[in-house]
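Q: Okay, here's the structure, questions in a sec.
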Amino acid sequence: MKSIKTVGLFSNIMLSTILIFIFFGSILRNANSVYFSASGDGLKSTYGSIYHLNYDTTYLRTSYMNYPFGESVLYTGGQPVIVNTFKFFKNIGIDFSGYLLGFLNTWLLFSIVIGAMFLYLILRELKLPVFYSIVVSNIIAFMSPQMDRFGGHFNLAYLYFIPLMIYLLFIFYRKRKLYISIVLGLVALWSLVTHVYFFGFYGILVLCFWIGVFLYDKKSFGKPWFIIVNFVIQLIIPYIIFKVLLSLSGDVSDRTMYPWGFFSFLAYPQGIFYPINKFYGRFIYVKQVPWEGIAYIGLVSVIGFLIILYYSIKKPLKLRSWSFLQITDNHYLNILFWTSLIALLFSFGLPFTLGLQKLYNYMGELRQIRGPGRFAWIFFYSINITTFYLLWHYYKRSRKLVAFIILLFALSWATFDSYLNVKSVPKYINNKIESLNDKNNVTEQNKWYHEIDFSKYQAIIPLPYFHIGSENYWIDGSAEIKKIAFIASIKTGLPLTAVMMGRTSMNQTRMSLQLVMEPYNNYEILNYVSSEKPFLVIFAKEGILTLPERDIKNRAKLLINNDKVEIRTITKDELNGIIIENKEKLRDEINSGLLFKHKDFLSNDSIPNYVYCGFGDETPGDTKLGEKCYVGNIKKDNLIIDSELENVDTSQAYIVSLWVENMDKDIYPRTVLTFEQFNQAGDRYYSERFDIWRRIKILDSNGWGLVEFNIKLKNPTDRVKISMKNNLLTSGQLKVDELLIRQTQENLYLTMNNLIFKNNRFYILSY
């Protein structure tokens, strides 16, 4: 028997390996020079892995982006388990760093082999024949929806995690040994530091496993303490260890608790049960669903699921015996099936999409699940295992020719589905990035690396700027600048001030964004920079710069200029000089003698046309922001202004600006502002809604943000209405201050003590 098990397992591995070489042979032969993604999340992940290995001095933190603060490696989207293993060997004198890319690529591809191996072991635990198990396990592995992640979300693409979890729980169910729980706990920790979603999958498997045990086999699992001890080992302790690792990595306390995407990245029934992207699914029109919502289970399992559903409904409802839950003769498989069905319903967004969206606000840390659609993967594996298990037993019971034909057809069509799933993958993951493969920088686009002594610089400021990951502010930059910046950072070892990560600190985000927002009172981030070395500024010529970004570019000294990029340099003093120069310009404008007095303001217009509301302050600056202001319940509709504007010039555009507090706190920047315009009859003729982070011009050091947007009025007697509300926060105050509506060409000034007021900005002259 042992020889049969060994031969079967070896044959399964050999078949999977052969298939890997058939589909991915050309990639494997060039694994160290191929990039599974040439842009976006995939390139970022590769960049982070290479940088962490070659330049970071610790295992748990990286400095590759978010300079000068850095980040925990567990939030970077890199692959810390593999990279830190390479790093350990490098630190003891065994340096394989030149082969990291090849290993990452090869390991990812061979995760299919390992996944098929564990699927084979599951099928053998179910007493299915060796040959049948070999064929079915490879069918399921190569049909996996995780294949779609090979082009970017590498950590999510490791195909062995879910089958491994299912297999180990199966072994524990059969043997009930403490050492298996310890192995499960170690796998849980491994999954957590690889990608937190795997722990989410594992968590629902373990939780439902113990619920199923309680319903099916309570007596077999002994006393309650046994259940509690094993549950803690399998699930709770790994999570505690992960939290300790986060703490040791210098974790921050102000990450978002509301990552964007929960109601956008859902699975959909047609993405699970209908071959939307298959040729045989084109005969019937089915509404397309987002990429994240597709995890097609294959035609055979669709039919199998419908049959299971039919017989489950048809079966008499005997609650006391739980017989209606017994879809197979294997208790563990029954638990797995119903667990996966719960996971599938969650992947559809249930119960939250049934008009219970507000329940999402009370999910605690479970809100970190921004893509519930991925939980459909559990169902994919479970329904395929269950379907092929039942299919074999149907054939075994019948032994008729028709049963054999059905079995043969099912295996053939499932093999075809697997082929359709994998056939296009090699093409889209086989990317070359010549500038990265040019290690010696001899190509025309890389020659400039020889012309600069990078040891004289502290970090790179890429322009157009990008900051993605706080979940409260999104500055995309451009695909080109990200690629250029990542490559430059790898080649120079210089970190980036920009960010493309997950759950970045809100306070650090505020300081980072100050660099590329309007120059205001100071660049607070420079207070955290210990080095006096200058920055490199890399400008991608295809990008469009904002005015503040142009200020940085124009002040920086030119070093290199080619058809793709400009490389410039700027010091801390020169950055601060932008702010100083801006304030000096303000002084000159105030002292020019060309301004007209109007009430409390000076204006460049002899008859200024504006509306000012200080919410209790007579003039701007009478008190600090927030001492006298609008205060409301942020969960409710807050009417900020509802008024006619006097002396409206309809030929001119107007600018609305107002200060809002807590723009450095989670979710507050996602407060929605609604602007409406009404004619004299009270009819609304214009309405606009936007998250206020999209219109923030300044983030002050005290957490206040200046929101500004343009309006155009049709008639002099029109009424404007501004209201604000946050649908995500469960509690909190909305504070709004210093509302100003002015003509676009009109500038309003005011001097007071150590401040100059201009157009709702409060510039501090000196500290």
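The values are calculated or read from the model by the stated rules, or taken from the named source; none is laboratory data. If you're wondering where the values come from, they're calculated on a predicted model, not measured in any experiment. Don't worry about glycine lacking a Cβ; one is built from the backbone with ideal geometry, like all the others, and counts go over all protein chains shown. Keep in mind that these areas ignore ligands, DNA and RNA; they rest on the heavy atoms of the full protein, side chains included. Shrake-Rupley method; radii C 1.70, N 1.55, O 1.52, S 1.80 Å.
Q: Suppose we keep only residues that are over 30 Å from LEU575 (Cα atoms) and among the hydroxyl-bearing types (Ser, Thr, Tyr) within segment 423-461. Which one would you say is surrounded by the most Cβ atoms within 10 Å (Cβ to Cβ)?
A: Quick first cut of segment 423-461, residues over 30 Å from LEU575 (Cα atoms) only: 423-444.
Of the ones still in play, those that are also among the hydroxyl-bearing types (Ser, Thr, Tyr) are 424, 428, 435, 443.
Details: SER424: 11, TYR428: 14, SER435: 18, THR443: 11.
Among those that are over 30 Å from LEU575 (Cα atoms) and among the hydroxyl-bearing types (Ser, Thr, Tyr), it is SER435.
Q: OK, next. Among the residues of segment 693-726, write down those that are open to solvent by less than 30 Å² (accessible area, probe 1.4 Å), part of a loop (DSSP other than H, G, I, E, B) and not charged (D, E, K, R). Reasoning before the result, please.
A: As a first pass, look at segment 693-726 and keep what is open to solvent by less than 30 Å² (accessible area, probe 1.4 Å): 693, 696, 698-700, 703-709, 711, 713, 718, 720, 722-724, 726.
If we keep only those that are part of a loop (DSSP other than H, G, I, E, B) too, we end up with 700, 703-704, 713, 718, 726.
Of everything in segment 693-726, those that are open to solvent by less than 30 Å² (accessible area, probe 1.4 Å), part of a loop (DSSP other than H, G, I, E, B) and not charged (D, E, K, R) turn out to be GLY703, TRP704, LEU713, ASN726.
Q: Given the conditions (1) touching a strand residue (DSSP E or B) at 6+ places or on another chain (Cβ under 9 Å); (2) open to solvent by less than 60 Å² (accessible area, probe 1.4 Å); (3) at pLDDT 95 or above, report the number of the one that LYS44 does not fulfil.
A: Result: LYS44 passes all but (3).
Q: Would you mind finding the one in VAL656, VAL631 that is surrounded by fewer than 20 Cβ atoms within 10 Å (Cβ to Cβ), of a type in the set (A, V, I, L, M) and in contact with a strand residue (DSSP E or B) (Cβ under 6 Å, 6 or more places away or on another chain)?
A: Working: VAL656 fails: surrounded by fewer than 20 Cβ atoms within 10 Å (Cβ to Cβ).
Of the residues listed, the single one that is surrounded by fewer than 20 Cβ atoms within 10 Å (Cβ to Cβ), of a type in the set (A, V, I, L, M) and in contact with a strand residue (DSSP E or B) (Cβ under 6 Å, 6 or more places away or on another chain) is VAL631.
Q: Among what's in segment 498-516 and is of a type in the set (A, V, I, L, M) and either more than 23 Å from ASN662 (Cβ to Cβ) or part of a helix (DSSP H, G or I) (or both), pick the residue that is most open to solvent (accessible area, probe 1.4 Å). First the steps, then the outcome.
A: Initial filter on segment 498-516 (of a type in the set (A, V, I, L, M)): 498-501, 506, 511, 513, 515-516.
Subsequent filtering for residues that are either more than 23 Å from ASN662 (Cβ to Cβ) or part of a helix (DSSP H, G or I) (or both) retains 498, 500, 506, 511, 513.
On the way: ALA498: 0, MET500: 19, MET506: 3, MET511: 2, LEU513: 0 Å².
For segment 498-516, the residue satisfying everything is MET500.
Q: Just give me the residues in segment 130-158 being in a loop (DSSP other than H, G, I, E, B) and among the aliphatic types (A, V, I, L, M), in sequence order. Steps first, answer last, please.
A: Narrowing segment 130-158 to residues in a loop (DSSP other than H, G, I, E, B): 143-144, 152-153, 158.
Matches in segment 130-158: MET143 only.
Q: Give me the pairs: first residue in segment 441-454 and in a loop (DSSP other than H, G, I, E, B), second residue open to solvent by less than 30 Å² (accessible area, probe 1.4 Å), beta-carbon distance under 6 Å, and six or more apart or on different chains, which are they?
A: ASN441/TYR449; GLN445/SER435; ASN446/SER435; ASN446/ASP438
Q: Here is a follow-up. Taking the criterion of being free of Cβ contacts under 8 Å to residues at least 60 places away in the same chain, open to solvent by less than 20 Å² (accessible area, probe 1.4 Å) and within 31 Å of the chain's Cα centre (by Cα), would at least one residue in segment 489-497 satisfy it? Outline the logic, then answer.
A: Pass one, segment 489-497, residues free of Cβ contacts under 8 Å to residues at least 60 places away in the same chain: 491-492, 494.
Narrowing further to those that are open to solvent by less than 20 Å² (accessible area, probe 1.4 Å): 494.
Checking which are within 31 Å of the chain's Cα centre (by Cα) leaves us with 494.
Yes, some residue in segment 489-497 is free of Cβ contacts under 8 Å to residues at least 60 places away in the same chain, open to solvent by less than 20 Å² (accessible area, probe 1.4 Å) and within 31 Å of the chain's Cα centre (by Cα).
Q: Can you spot a residue in segment 597-605 that is open to solvent by less than 20 Å² (accessible area, probe 1.4 Å) and aromatic (Phe, Trp, Tyr)? Walk me through how you get there before you give the answer.
A: Step one: of segment 597-605, the residues open to solvent by less than 20 Å² (accessible area, probe 1.4 Å) are 601, 603.
Applying the additional criterion that residues be aromatic (Phe, Trp, Tyr) yields 601.
Yes - at least one qualifying residue is present in segment 597-605.
Q: So, one more: Only one of these is within 19 Å of LEU699 (Cβ to Cβ), part of a strand (DSSP E or B) and in contact (Cβ under 8 Å) with a residue 40 or more places away in the chain: ILE461, ILE552. Name it. I'd like the intermediate steps shown before the answer.
A: Numbers: ILE552 fails: part of a strand (DSSP E or B).
Going through ILE461, ILE552 in turn, just one is within 19 Å of LEU699 (Cβ to Cβ), part of a strand (DSSP E or B) and in contact (Cβ under 8 Å) with a residue 40 or more places away in the chain: ILE461.
Q: Filter segment 462-481 for residues that are more than 14 Å from ARG694 (Cα to Cα) and hydroxyl-bearing (Ser, Thr, Tyr); which is least open to solvent (accessible area, probe 1.4 Å)?
A: TYR465
Q: Looking at segment 238-291, which of the residues that are among the charged types (D, E, K, R) and under 23 Å from the mean Cα position of the chain (by Cα) is nearest to ALA414 (Cα to Cα)?
A: The first filter runs over segment 238-291 and keeps only residues among the charged types (D, E, K, R), leaving 243, 251, 254-255, 278, 282, 287.
With under 23 Å from the mean Cα position of the chain (by Cα) added as a condition, the list becomes 243, 251, 254-255.
Values: LYS243: 42, ASP251: 46, ASP254: 47, ARG255: 44 Å.
Restricting to residues being among the charged types (D, E, K, R) and under 23 Å from the mean Cα position of the chain (by Cα), the top hit is LYS243.
Q: So, one more: Just give me the residues in segment 79-103 being in contact (Cβ under 8 Å) with a residue 40 or more places away in the chain, crowded, with 23+ Cβ neighbours inside 10 Å and not polar (S, T, N, Q), in sequence order.
A: PRO80
Q: OK, next. Take segment 739-767 and flag every residue that is over 22 Å from GLN677 (Cβ atoms) and of a type in the set (D, E, K, R).
A: LYS758, ARG761
Q: VAL672 - would you say it is in contact with a Leu (Cβ under 8 Å, 6 or more places away or on another chain) and either in contact (Cβ under 8 Å) with a residue 12 or more places away in the chain or of a type outside the set (Gly, Ala, Ser) (or both)? Explain how you work it out, then say what you get.
A: Working: in contact with a Leu (Cβ under 8 Å, 6 or more places away or on another chain): no; either in contact (Cβ under 8 Å) with a residue 12 or more places away in the chain or of a type outside the set (Gly, Ala, Ser) (or both): yes.
Here the answer is no, as VAL672 does not meet what is asked.
Q: For segment 216-239, indicate whether the set of residues that are assigned to a helix (DSSP H, G or I), under 30 Å from ILE468 (Cα atoms) and hydrophobic (A, V, I, L, M, F, W, C) is non-empty. Please lay out each step first, then the result.
A: Taking segment 216-239 first, the residues assigned to a helix (DSSP H, G or I) are 216, 224-239.
Checking the rest, the ones that are also under 30 Å from ILE468 (Cα atoms) come to 238-239.
Filter once more, so that each one left must be hydrophobic (A, V, I, L, M, F, W, C): none.
No.
Q: Kindly provide the set of residues from segment 629-653 that are closer than 17 Å to PRO716 by Cβ and part of a loop (DSSP other than H, G, I, E, B), ordered by number.
A: The initial filter retains those residues of segment 629-653 that are closer than 17 Å to PRO716 by Cβ, namely 643-653.
Answer for segment 629-653, where residues must be closer than 17 Å to PRO716 by Cβ and part of a loop (DSSP other than H, G, I, E, B): LEU645, GLU646, ASN647, VAL648, ASP649, THR650, SER651, GLN652, ALA653.
Q: Regarding LYS533, is this residue open to solvent by 40 Å² or more (accessible area, probe 1.4 Å), under 16 Å from GLN458 (Cα atoms) and assigned to a loop (DSSP other than H, G, I, E, B)?
A: Details: open to solvent by 40 Å² or more (accessible area, probe 1.4 Å): yes; under 16 Å from GLN458 (Cα atoms): yes; assigned to a loop (DSSP other than H, G, I, E, B): yes.
Answer is yes for this residue.
Q: Next up: Listed residues LEU586, LEU594; which is loosely packed, with under 13 Cβ neighbours inside 10 Å and of a type outside the set (Gly, Ala, Ser)?
A: Numbers: LEU586 fails: loosely packed, with under 13 Cβ neighbours inside 10 Å.
The unique qualifying residue is LEU594.
Q: Report yes if LEU411 is farther than 28 Å from LEU169 by Cα and open to solvent by 10 Å² or more (accessible area, probe 1.4 Å), otherwise no. Show your work before the answer.
A: On the way: farther than 28 Å from LEU169 by Cα: no; open to solvent by 10 Å² or more (accessible area, probe 1.4 Å): yes.
No; evaluated as a whole, the condition is false for this residue.
Q: Sticking with this one: In segment 131-171, how many are within 18 Å of PHE198 (Cβ to Cβ) and over 26 Å from the mean Cα position of the chain (by Cα)? Please lay out each step first, then the result.
A: First, the residues of segment 131-171 that are within 18 Å of PHE198 (Cβ to Cβ): 140-141, 144-150, 152-170.
Then keep just the ones that are over 26 Å from the mean Cα position of the chain (by Cα); that gives 140, 166-170.
Counting residues in segment 131-171 that are within 18 Å of PHE198 (Cβ to Cβ) and over 26 Å from the mean Cα position of the chain (by Cα) gives 6.
Q: Now a separate question. Restricting attention to segment 727-739, which residues are closer than 26 Å to PRO620 by Cβ and either open to solvent by less than 70 Å² (accessible area, probe 1.4 Å) or touching a Pro at 6+ places or on another chain (Cβ under 6 Å) (or both)? First the steps, then the outcome.
A: To start, the set of residues in segment 727-739 that are closer than 26 Å to PRO620 by Cβ comprises 732-739.
Residues satisfying the conditions are GLY732, LEU734, LYS735, VAL736, ASP737, GLU738, LEU739.
Q: If you check every pair at least six apart or on different chains, which have Cβ atoms under 6 Å apart with a residue in segment 53-66 that is over 18 Å from THR497 (Cα atoms) and in a helix (DSSP H, G or I) first and a residue that is of a type in the set (A, V, I, L, M) and open to solvent by less than 70 Å² (accessible area, probe 1.4 Å) second?
A: Matching pairs, first to second residue: LEU53/VAL83; LEU53/LEU100.
Q: Same structure again: Out of all the residues in segment 186-204, is one or more open to solvent by 10 Å² or more (accessible area, probe 1.4 Å) and assigned to a loop (DSSP other than H, G, I, E, B)?
A: yes
Q: Which condition from (1) open to solvent by 10 Å² or more (accessible area, probe 1.4 Å); (2) in a helix (DSSP H, G or I) is the one that LYS127 breaks?
A: With respect to (1) open to solvent by 10 Å² or more (accessible area, probe 1.4 Å); (2) in a helix (DSSP H, G or I), LYS127 is out only on (2).
The rows are residues; the columns are (1) of a type in the set (Asp, Glu); (2) closer than 22 Å to ILE313 by Cβ; (3) under 29 Å from the mean Cα position of the chain (by Cα).
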{"residue": "LEU354", "(1), (2), (3)": "no, yes, yes"}
{"residue": "GLY364", "(1), (2), (3)": "no, no, yes"}
{"residue": "GLN368", "(1), (2), (3)": "no, no, yes"}
{"residue": "GLY373", "(1), (2), (3)": "no, no, yes"}
{"residue": "TRP377", "(1), (2), (3)": "no, no, yes"}
{"residue": "PHE409", "(1), (2), (3)": "no, no, no"}
{"residue": "ASN421", "(1), (2), (3)": "no, no, yes"}
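Q: Filter segment 662-692 for residues that are outside any loop (DSSP other than H, G, I, E, B), within 18 Å of LEU513 (Cα to Cα) and in contact with a helix residue (DSSP H, G or I) (Cβ under 7 Å, 6 or more places away or on another chain) and give the result. Before the answer, list the steps.
A: Just the residues of segment 662-692 that are outside any loop (DSSP other than H, G, I, E, B), to begin with: 668-670, 672-678, 684-692.
Applying the additional criterion that residues be within 18 Å of LEU513 (Cα to Cα) yields 668-670, 691-692.
Answer for segment 662-692, where residues must be outside any loop (DSSP other than H, G, I, E, B), within 18 Å of LEU513 (Cα to Cα) and in contact with a helix residue (DSSP H, G or I) (Cβ under 7 Å, 6 or more places away or on another chain): PRO669, ARG670, ASP691, ILE692.
Q: Quick one: is TYR668 within 22 Å of the chain's Cα centre (by Cα) and among the hydroxyl-bearing types (Ser, Thr, Tyr)? Step through it out loud before you land on a result.
A: Values: within 22 Å of the chain's Cα centre (by Cα): yes; among the hydroxyl-bearing types (Ser, Thr, Tyr): yes.
So TYR668 passes the test.
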